[in-house]
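Here's the structure we're looking at; comments come further down.
The values are calculated or read from the model by the stated rules, or taken from the named source; none is laboratory data. Because the structure is predicted, anything quoted here is derived from the model rather than measured. All Cβ positions, even for glycine, are placed from backbone atoms using ideal geometry, and neighbour counts span all protein chains on display.
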Amino acid sequence: MSAPGTKEMICISCPISCRMTVYEENDSIVVKGNKCGRGKVYGEEEYLAPKRMVTCTVATDSEEFPRLPVRTTASIPKETIDDLLQELYSLNIRLPVKRGSPLIENYHDTGVDVIATMTLPGRA
Ligand code: SF4
(Lines give C-alpha, C1' and ligand atoms only; values in the text may rest on other atoms or scores of the structure.)
Protein backbone atom coordinates (compact mmCIF):
# COMPACT_ATOMS: atom_id res chain seq x y z
CA MET A 1 0.00 0.00 0.00
CA SER A 2 1.35 3.45 -0.86
CA ALA A 3 1.78 6.27 1.66
CA PRO A 4 -0.91 8.99 1.87
CA GLY A 5 -0.32 11.67 -0.74
CA THR A 6 1.54 9.30 -3.05
CA LYS A 7 0.87 10.02 -6.71
CA GLU A 8 1.27 7.59 -9.57
CA MET A 9 2.02 9.30 -12.86
CA ILE A 10 3.49 8.80 -16.30
CA CYS A 11 6.31 11.06 -17.37
CA ILE A 12 5.33 12.80 -20.60
CA SER A 13 8.75 14.35 -21.24
CA CYS A 14 9.68 11.73 -23.86
CA PRO A 15 8.08 8.78 -25.69
CA ILE A 16 9.46 6.19 -23.23
CA SER A 17 6.65 7.23 -20.84
CA CYS A 18 8.14 5.99 -17.57
CA ARG A 19 5.64 5.04 -14.86
CA MET A 20 6.62 6.95 -11.74
CA THR A 21 5.66 7.03 -8.09
CA VAL A 22 6.07 10.38 -6.34
CA TYR A 23 5.70 11.10 -2.63
CA GLU A 24 6.99 13.29 0.20
CA GLU A 25 9.48 11.99 2.70
CA ASN A 26 11.41 13.98 5.29
CA ASP A 27 10.42 17.32 3.71
CA SER A 28 11.61 16.37 0.24
CA ILE A 29 9.95 14.96 -2.85
CA VAL A 30 10.92 11.41 -3.80
CA VAL A 31 10.52 10.33 -7.44
CA LYS A 32 10.84 6.64 -8.32
CA GLY A 33 10.59 4.89 -11.66
CA ASN A 34 12.13 7.68 -13.74
CA LYS A 35 14.91 6.66 -16.09
CA CYS A 36 16.51 10.13 -16.24
CA GLY A 37 16.73 13.52 -14.57
CA ARG A 38 14.00 15.04 -16.72
CA GLY A 39 11.58 12.60 -15.13
CA LYS A 40 12.63 13.72 -11.66
CA VAL A 41 12.01 17.36 -12.59
CA TYR A 42 8.66 16.49 -14.19
CA GLY A 43 7.62 14.36 -11.20
CA GLU A 44 8.48 17.05 -8.66
CA GLU A 45 6.69 19.75 -10.65
CA GLU A 46 3.66 17.57 -11.28
CA TYR A 47 3.47 16.69 -7.59
CA LEU A 48 3.81 20.26 -6.28
CA ALA A 49 2.28 22.45 -9.00
CA PRO A 50 0.97 20.64 -12.07
CA LYS A 51 1.05 22.58 -15.33
CA ARG A 52 -0.36 21.99 -18.79
CA MET A 53 -0.06 23.37 -22.28
CA VAL A 54 -3.37 24.73 -23.57
CA THR A 55 -4.56 24.38 -27.15
CA CYS A 56 -7.96 25.38 -28.47
CA THR A 57 -9.60 27.46 -31.18
CA VAL A 58 -10.96 31.00 -30.93
CA ALA A 59 -13.63 32.76 -32.96
CA THR A 60 -12.71 35.06 -35.84
CA ASP A 61 -14.60 37.74 -37.74
CA SER A 62 -14.42 35.61 -40.90
CA GLU A 63 -17.26 33.54 -42.34
CA GLU A 64 -14.76 31.60 -44.44
CA PHE A 65 -12.39 30.83 -41.52
CA PRO A 66 -14.55 31.09 -38.38
CA ARG A 67 -12.09 29.43 -35.96
CA LEU A 68 -8.37 30.11 -35.41
CA PRO A 69 -6.25 27.44 -33.69
CA VAL A 70 -4.14 28.79 -30.82
CA ARG A 71 -1.82 27.47 -28.12
CA THR A 72 0.13 28.64 -25.11
CA THR A 73 3.88 29.10 -25.59
CA ALA A 74 4.55 27.03 -22.45
CA SER A 75 2.69 25.14 -19.75
CA ILE A 76 0.59 27.12 -17.28
CA PRO A 77 -0.62 26.18 -13.79
CA LYS A 78 -3.58 23.80 -14.03
CA GLU A 79 -5.73 25.98 -11.79
CA THR A 80 -5.50 28.90 -14.26
CA ILE A 81 -6.64 26.90 -17.31
CA ASP A 82 -10.40 27.40 -16.87
CA ASP A 83 -9.97 31.19 -16.63
CA LEU A 84 -7.74 31.23 -19.69
CA LEU A 85 -10.26 29.18 -21.68
CA GLN A 86 -13.06 31.56 -20.68
CA GLU A 87 -10.94 34.48 -21.88
CA LEU A 88 -10.12 32.70 -25.15
CA TYR A 89 -13.76 31.77 -25.78
CA SER A 90 -14.73 35.45 -25.41
CA LEU A 91 -12.29 36.60 -28.12
CA ASN A 92 -13.24 37.45 -31.66
CA ILE A 93 -10.08 37.80 -33.70
CA ARG A 94 -9.96 40.13 -36.66
CA LEU A 95 -8.24 38.45 -39.61
CA PRO A 96 -5.69 38.39 -41.18
CA VAL A 97 -3.49 36.72 -38.57
CA LYS A 98 -0.02 35.30 -39.02
CA ARG A 99 1.12 32.04 -37.46
CA GLY A 100 3.00 32.86 -34.23
CA SER A 101 1.23 36.18 -33.63
CA PRO A 102 0.56 36.74 -29.93
CA LEU A 103 -3.13 37.06 -29.06
CA ILE A 104 -2.55 37.31 -25.29
CA GLU A 105 0.85 38.34 -23.93
CA ASN A 106 2.26 37.39 -20.52
CA TYR A 107 -0.97 35.77 -19.32
CA HIS A 108 -1.45 36.69 -15.64
CA ASP A 109 2.28 37.41 -15.28
CA THR A 110 3.16 33.79 -16.03
CA GLY A 111 5.50 34.86 -18.85
CA VAL A 112 3.39 32.70 -21.16
CA ASP A 113 1.76 34.01 -24.33
CA VAL A 114 -1.12 32.61 -26.36
CA ILE A 115 -0.22 32.53 -30.05
CA ALA A 116 -1.92 31.69 -33.32
CA THR A 117 -0.77 28.35 -34.73
CA MET A 118 -1.99 29.02 -38.26
CA THR A 119 -1.87 31.86 -40.75
CA LEU A 120 -5.37 32.87 -41.85
CA PRO A 121 -6.07 35.43 -44.57
CA GLY A 122 -8.35 38.42 -44.26
CA ARG A 123 -11.26 39.22 -46.52
CA ALA A 124 -10.41 39.26 -50.22
S1 SF4 B 1 11.92 9.80 -17.02
FE2 SF4 B 1 13.31 10.32 -18.71
S3 SF4 B 1 13.29 8.46 -19.95
FE4 SF4 B 1 11.49 8.32 -18.64
S5 SF4 B 1 9.80 9.24 -19.85
FE6 SF4 B 1 10.68 10.88 -18.59
S7 SF4 B 1 12.18 11.87 -19.91
FE8 SF4 B 1 11.72 9.85 -20.81
(request) Have a look at Tyr23, Tyr47 and point out the one that is among the aromatic types (Phe, Trp, Tyr) and more than 20 Å from the chain's Cα centre (by Cα). (result) Tyr23
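Select from segment 97-122 the residues that are among the aliphatic types (A, V, I, L, M) and under 12 Å from Arg67 (Cα atoms) and list them in ascending order. Spell out how you get there, then give the answer.
Of segment 97-122, the ones among the aliphatic types (A, V, I, L, M) are 97, 103-104, 112, 114-116, 118, 120.
Residues satisfying the conditions are Val97, Ala116, Met118, Leu120.
Residues that are over 24 Å from Ile76 (Cβ atoms) and of a type outside the set (D, E, K, R): does segment 7-15 have at least one?
There is no residue in segment 7-15 that is over 24 Å from Ile76 (Cβ atoms) and of a type outside the set (D, E, K, R).
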(request) Output the residues belonging to segment 10-61 that are in a loop (DSSP other than H, G, I, E, B), surrounded by 14 or more Cβ atoms within 10 Å (Cβ to Cβ) and either of a type in the set (A, V, I, L, M, F, W, C) or modelled with pLDDT of 95 or more (or both). (result) Cys11, Cys18, Gly33, Asn34, Val54
(message) Being more than 16 Å from the ligand (Cβ to nearest atom), without any contact (Cβ under 8 Å) to a residue 60 or more places away in the chain and out of contact with any Pro (no Cβ under 7 Å at 6 or more places or on another chain) is true for just one of Gly43, Gly37, Gly5. Which residue is that?
(response) Gly5
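Would you be able to say whether some residue in segment 87-104 is outside the structural domain of Thr21 (by TED's automatic domain parsing) and under 30 Å from Glu8 (Cβ atoms)?
Of the residues in segment 87-104, the ones outside the structural domain of Thr21 (by TED's automatic domain parsing) are 87-104.
Right, trim to under 30 Å from Glu8 (Cβ atoms) and you get none.
No - not one qualifying residue is present in segment 87-104.
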(request) List the number of the failed condition for Val22; all other conditions in (1) out of contact with any helix residue (DSSP H, G or I) (no Cβ under 9 Å at 6 or more places or on another chain); (2) within 12 Å of the ligand (Cβ to nearest atom) hold. (result) (1)
